[in-house]
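Written out below as structure tokens is the structure these notes cover.
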Amino acid sequence: MRPPQATRPPRRALAPAVRHYGAGRILARVAMAIGAFLIVLGMLSPVPIVLGSADAVGGIMSLALLGGGLAGAGLTLLLAAQMALALFDQADAARDLAAIERAKWAEEARRDASA
């Protein structure tokens with residue numbers, strides 16, 4: 001035989017989740033696009049070496065430094081944008097958790113008031 005289970009009153013549905021920080025999300029996505037573009041530019045910097053015109057743009061070493069710098073800057077910008085998006089998602093999740101807890105407290109207060 002099963003033990004009796006506590007009956008819970010039906011819960012009200014929470015409001016649909018709203019994504020806040022729209023401007024920050026847009027700026028983070030723009031930063032991601034710029035970072036990806038810089039990475040591609042850094043990867044394309046050896047093209048003059050392959051084509052044989054490295055002396056016209058300053059030599060092999062300067063192109064290698066330029067490519068590494070562009071790729072590094074792009075990766076850093078991409079990482080910063082990903083961190084910003086994660087921060088915005090975390091803030092939205094914390095806001096949703098606070099709303100859930102407020103709803104629980106209100107339900108408990110209503111139940112205690114009626115008892």
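Each value in this text was obtained by applying a stated rule to the coordinates, not by laboratory testing. Keep in mind the model is a prediction, meaning the values are calculated, not measured. Positions of Cβ are backbone-derived with ideal geometry, glycine not excepted, and every protein chain shown enters the neighbour counts.
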Is there a quick way to get the dipole size of the stretch 22-114? I mean about its Cα centre, with the Cβ of Lys and Arg at +1 and of Asp and Glu at -1; what is the value in debye to the nearest 20? 140 debye
State the extension gain, in nm to one decimal, for the chain segment bounded by Q82 and I100, taking 0.36 nm per residue of separation less the distance between their alpha-carbons. 3.8 nm
Estimated inter-spin distance, L51 and A73, nm [label 7 Å along Cα→Cβ]: 2.1 nm
